[in-house]
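Read-outs: derived from the displayed coordinates by stated rules, not from any lab. The structure displayed is predicted, hence computed values, not measured ones. Cβ sites come from the backbone with ideal geometry, for glycine too, and all protein chains shown count toward neighbours.
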Amino acid sequence: METKKKRIGIYPGSFDPLTNGHLDIIIRASRLFDSLIVGVLRNDAKKTLFSMEERVALIRKCTEDIPNVSVEMFEGLLVDFVHEKKADAIVRGLRAVSDYEYELQMAMLNKHMSPDVETIFLMTDINNSYLSSSVVKDVAMHGGNIRGLVPETVIDDIYRKVKAK
Ligand code: ADP
């Protein structure tokens, strides 16, 4: 009897840091795939507040209860990572219309480089539509309250990091 191939999704991003918007996409995507890999991009050209290890650790802390979610770092081309992991699709989140142009460009480019790789988009939850890592960093750096913007378990980690800067 033929065994069905397990469906693998990859949710790539910078996650600098993880927000409730990201976590919502992770939870919803984890229900669509047998396994979901959160791919944390190492991009030395893009300056991040949190190191690669810190970004990975924060996501792991928030997803440890979801058995089919794993967190891995990657560098280079996303399509290469997708092939390496034998994944079936890339997952991205869409907030406002402003996300659309960039996401369309990336999806087209990836399709051009690798026609077998699909990108699927999940619409943001209405409550998270204004949320981004930049917003979280801005609020935290100015001493504002980030409760409700990021998972409870990482609030202190984020304040600690911002204070140390
Ligand atoms: P990038 O990958 O462009 O560096 P991020 O790491 O912030 O950006 O985001 C990774 C993915 O998550 C992107 O597809 C982005 O559109 C999506 N995303 C970010 N914030 C939210 C949110 N609040 N709701 C839904 N999707 C989001």
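What does a probe at N68 reach in the stretch 29-53, counting residues whose amide N is under 15 Å from the point 7 Å along Cα→Cβ? Within reach of a label on N68: 29-38.
Shown is the FRET efficiency for S134 and E75, computed with R0 = 30 Å from the Cβ-Cβ distance and rounded to the nearest 0.05: 0.85. Annotation: extensible slack from K46 through L104 equals 18.8 nm (criterion: 0.36 nm per residue apart, minus Cα-Cα distance). Taking every Cα-Cα distance in the stretch 51-165 and sorting them into 5 Å bins from zero, the calculated P(r) comes out as 2, 9, 16, 17, 20, 18, 12, 5, 2, 0 percent. When you count the other C-beta atoms within 10 angstrom of each residue and take the mean per peptide, 3-9, 54-60 line up highest first as 54-60, 3-9.
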